[in-house]
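Enquirer: Could you have a look at this structure, given as structure tokens, before my questions?
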Amino acid sequence: MEQTARDILRFVHENDVKFIRLAFCDLFGTLKNISILAEVLPAALERGVAFDASSVPGFACEKASDLFLHPDPATLSILPWRPQQGRVVRMFCDIAYPNGAPFEGDARALLKRSMEHVRAQGYGCRIGPECEFYLFHTDDAGQPTHIPHDRAGYLDVAPLDQGENVRREICLSLEQMGFHPESSHHEQGPGQNEIDFAYSDPLTAADHVVAFRSVVKAIASRNGLYASFMPKPLEQSGSGLHINVSLTRQGKNLFRNQEEGHCLEAEQFIAGVLHRAPEMTAFLNPTTNSYRRLGTFEAPAYVTWSHQNRSQLVRIPAAQGEKVRMELRSADPSCNPYLAFAVLLQAGLEGIAQQRPLCPATDCNLLAGDMQDNRGLIRLPDSLEQALTLANQSNWVHRTVPPTLLQAFLNQKWAECRACSAAEDPRQWEDTHYFWQL
């Protein structure tokens, strides 16, 4: 819903709103916010609200320690689990220097520039995220355990599936916030769930992913549970963030199913994504734990594509008409969605610009262990160290990601690699740094 500053002020006045959360993400996709009172909102909309950037991971900069949050009126949402008297709303913010210049470390701004590039080339783009997560029991002190909420499997129903009511509450809360969840179900792992969103523009889709993670954690906590978006919290199925992308020109979807014959631009877009996949993996899978998931339980390990085959990096799901799209299956929910979507779009656009041909489909199950099928295929990085090295060595990454943002990202992630490698028990280190934080 498009809103202006005047609309926001009227809504706040008419709906007993007392607190406004000005939300943003740090460089690594962690949601942050400053809460202001309603009477401060007019000044915040006009001039922004200052915060100490040096205390935000990835935001420390030499130019200034103070940055300003500028609320985006189009992102207003009520937080329905907060009190109905003295309501709480949330708006996502753009980040700028005191002089108004955009902050280079703001991944949301980077995604906006990528969207402008898409429009400048005459295209439209829609993204539909599919986000998986685990629900765990908590102990008597309310602290997370590693005991899954249930022992159900894919698409199971109650009473085996004990997450039905939690997913229902999550979906209803999202609807009240103006989001459009399309489906929800139990996933393969014990206590694992998935909720899928309707397609939207890339910026809205990224906002939805960030808000979704927050809503899931809040609703889980209300139900005495702990929600984890760690990519591989158990030895069972890992959690992915499958990214469905459709590309349009003059309102017409360029993706077609196999029987209709592919559109050349759609093939070139996919070819661009495949070509840059190893170099952008660090942004799609940014934790050491991410690489325990890839290559297992339908998570891809190779740079391949296919129709419908779920072992591939990119697949074209069975669909008709406007529902036809490409699905990138490697990303996981630990990523910063603004950064992930930005590099994904740029890779696809480069494929079109270079008229890159699409390689033949790999129509076999690459997870079945037959090395004959894998021979000659390019692998995705098998560790965060390898992914960071490929990103740092890539001229394309250095052209695509602003230097301030890229260097801060690489420095932090290299530090995580060193700490995990030096730990006496790397899995325990990952639990401490990812299970408790993601």
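Enquirer: Mean projection of the alpha-carbon convex hull of the range 28-182 over all orientations, in nm²?
Expert: About 13.7 nm², averaged over all directions.
Enquirer: May I pose another question? In the range 22-83, which trypsin sites (Lys or Arg not before Pro) fall in coil by DSSP and have 15 or fewer other Cβ atoms within 10 Å? Please list the in-between numbers first.
Expert: Working: sites: Lys32, Arg47, Lys63; in loops: Lys63.
Passing both the DSSP loop test and the Cβ count: Lys63.
Enquirer: For the pair Glu116 and Glu46, what calculated FRET efficiency results from E = 1/(1 + (r/R0)^6), where r is the Cβ-Cβ distance and R0 = 22 Å, to the nearest 0.05? Can you show the working numbers first?
Expert: Values: r = 25 Å, r/R0 = 1.13.
So the FRET efficiency works out to roughly 0.30.
Enquirer: Assuming R0 = 30 Å, can you tell me the calculated FRET efficiency for the pair Leu172 and Glu39, based on Cβ-Cβ distance, to the nearest 0.05? Show your work: numbers first, answer last.
Expert: Numbers: r = 31 Å, r/R0 = 1.03.
With a Förster radius of 30 Å, E is 0.45.
Enquirer: With a cut-off of 14 Å, note down the residues of the range 306-348 whose backbone N falls inside the zone around a label point 7 Å from the Cα of Asn365 toward its beta carbon.
Expert: 309-312
Enquirer: Let me ask something else about it. Using 0.36 nm per residue, how much length does the chain from Gln393 to Leu155 gain when fully extended, once their Cα-Cα distance is taken away? Intermediate results must be reported in sequence, preceding the final value.
Expert: On the way: separation 238, 0.36 × 238 = 85.68 nm, distance 4.22 nm.
Gain in length upon complete extension: 81.5 nm.
Enquirer: Using alpha carbon centroids, what distance separates the range 1-60 and the range 101-124, in Å?
Expert: 21
Enquirer: Something else about it: For the chain, how many pairs of lysine residues have a Cα-Cα distance under 21 Å, where the two are 8 or more positions apart or belong to different chains? Walk me through the numbers before you get to the answer.
Expert: Working: Lys18/Lys32; Lys32/Lys112; Lys32/Lys217; Lys32/Lys413; Lys217/Lys232; Lys232/Lys413; Lys252/Lys323.
Total qualifying Lys-Lys pairs in the chain comes to 7.
Enquirer: Counting other Cβ atoms within 10 Å, keep those with at most 15, restrict to DSSP loop, and tell me which chymotrypsin sites (Phe, Trp or Tyr not before Pro) in the range 1-99 are left. Before the final figure, lay out each step's value.
Expert: Numbers: sites: Phe11, Phe19, Phe24, Phe28, Phe51, Phe59, Phe68, Trp81, Phe92; in loops: Phe28, Phe59, Trp81.
Filter output for the range 1-99: Trp81.
Enquirer: Working out 0.36 nm times the residue gap between Ile147 and Ser65, then minus their Cα-Cα distance, what length gain in nm do you get to one decimal? Show your work: numbers first, answer last.
Expert: Values: separation 82, 0.36 × 82 = 29.52 nm, distance 4.20 nm.
Gain on stretching Ile147 to Ser65: 25.3 nm.
Enquirer: Additional query: What is the extension gain from Leu264 to Thr432, computed as 0.36 nm multiplied by their sequence separation minus the C-alpha to C-alpha distance, in nm to one decimal?
Expert: Working: separation 168, 0.36 × 168 = 60.48 nm, distance 4.67 nm.
Result: 55.8 nm gained on full extension.
Values quoted throughout were computed directly from the atomic coordinates according to the rules given, and no laboratory measurement underlies them. What you see is a predicted model; the values in this text were computed from it and never measured. Ideal geometry is used to build each Cβ from the backbone, glycine not excepted, and the neighbour counts take in all protein chains shown.
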